[in-house]
Amino acid sequence: MRYRLLAPLVGLVAGFAALAGAQELRPNELGRFMILEYHKIDHPEERWTRTPENFRRDLETLYARGYRLVSLNDMLDGRIALPAGTTPVVLTFDDSSPGQFRYLEHNGSVELDPQSGVGILEAFANERPDFGRAATFYVLPGANRPNRLFDQPQLAGKKLRYLADRGYEIGNHTLWHANLGKYPEATVRAQIAEAQTWIQRHVPNYRPRTLALPHGVYPKEVAWAVEGEAKGSTYRHDAILMVAGGAAPSPFSRRFDPIRLPRIQAVERDLKYWLTYFDQNPSERFVSDGDATTITVPAALRDRLRTPLPSSLRVIER
Ligand SMILES: [Zn+2]
């Protein structure tokens, strides 16, 4: 009897503790947020590989510390609908390696591999609906195996449509991971446009709104990557992502530069560094006010807001 009572009680206390921890944070929508960058989800853990177990643990750690998933496009639009006291975090996956999204085939039917990145994300979102469901996949439609659209050719279209239907985002990472700094304008534009054409062949009319630079290298003219036309396709990016650089400025901050968005590589050391950093510097952390129509900022920082802000958003000083 005692034990049966104890278990829910412990859960309740732990729940309150986590909630209290999150609620101690005062809203600051000028704080910074993390855009995490994953590559392979596979064994063993390596520089560019996170194991399924460690990826799952990352989600648990983020959740317990008051982080909630927001899509990159929503961040860019300033559409941050989170409970008060929580912090947005963006997940990105580069290079469409097989462990990110795998189907298991049994007797003609297919099911999501629970050990793949998307399988882990889906399971976690079902267990913790308030964590959110969001991630951007920077895919390579023309790369060699195993990086061509998650390496199950007959299921590539099904996967891209699944991502789009479930609210995940598909981003441009060029056709086959070209180092854009090495090529003339025509090649740069063709790499970007053809990647989009391939994505749209699978998901009609889908517009990748963001580009992640292969190797983090900009073309000689950044404008080539922002918008243009090549091979009969027109592209326009609202943000360009680098491969490093730390936490990103708030999208409401004057320091926010969507053409140079920094990311944090999701490896043990860097993740730990930034989680600790925000624990020790809570005033630098983006903390939601719980109202998607207002931007709450410390009064002393008001002049750090960028202008113009989306007209639908009202600024509140605290
Ligand atoms: Zn890459």
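No lab work stands behind these numbers, since they all come straight from the coordinates. Owing to the predicted nature of the structure, the values given are computational and were not obtained by experimental measurement. Positions of Cβ are backbone-derived with ideal geometry, glycine not excepted, and every protein chain shown enters the neighbour counts.
Summary of computed values
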read-out: Complete set of residues in the stretch 204-218 that are surrounded by 15 or more Cβ atoms within 10 Å (Cβ to Cβ) and more than 16 Å from the ligand (Cβ to nearest atom); value: Y206, R207, R209
read-out: Members of the stretch 219-233 found to be surrounded by fewer than 19 Cβ atoms within 10 Å (Cβ to Cβ) and within 24 Å of the chain's Cα centre (by Cα), listed by number; value: V222, A223, V226, E227
read-out: Residue list for the stretch 158-202, restricted to those being surrounded by fewer than 16 Cβ atoms within 10 Å (Cβ to Cβ) and within 16 Å of the ligand (Cβ to nearest atom); value: N179, G181, K182
read-out: Condition check for I259: under 27 Å from D94 (Cβ atoms), crowded, with 19+ Cβ neighbours inside 10 Å and not aromatic (F, W, Y); value: no
read-out: Identity of the residue in the stretch 106-129, out of contact with any strand residue (DSSP E or B) (no Cβ under 6 Å at 6 or more places or on another chain), within 18 Å of R161 (Cα to Cα) and not aliphatic (A, V, I, L, M), that ends up nearest to the ligand (Cβ to nearest atom); value: S116
read-out: Given (1) within 15 Å of Y138 (Cβ to Cβ); (2) out of contact with any strand residue (DSSP E or B) (no Cβ under 9 Å at 6 or more places or on another chain), number of the condition A239 does not satisfy; value: (2)
read-out: Residue pairs meeting the criteria (Cβ under 7 Å; at least 6 apart or on separate chains; first among the aromatic types (F, W, Y), in the stretch 96-120; second buried (at least 20 other Cβ atoms within 10 Å of the Cβ)); value: F101/S116; F101/G117; F101/V118; F101/F150; F101/K159
read-out: Residues (closer than 16 Å to A212 by Cα and touching a strand residue (DSSP E or B) at 6+ places or on another chain (Cβ under 9 Å)) located in the stretch 153-187; value: Y168, E169, I170, G171, N172, H173, T174, L175, W176, H177
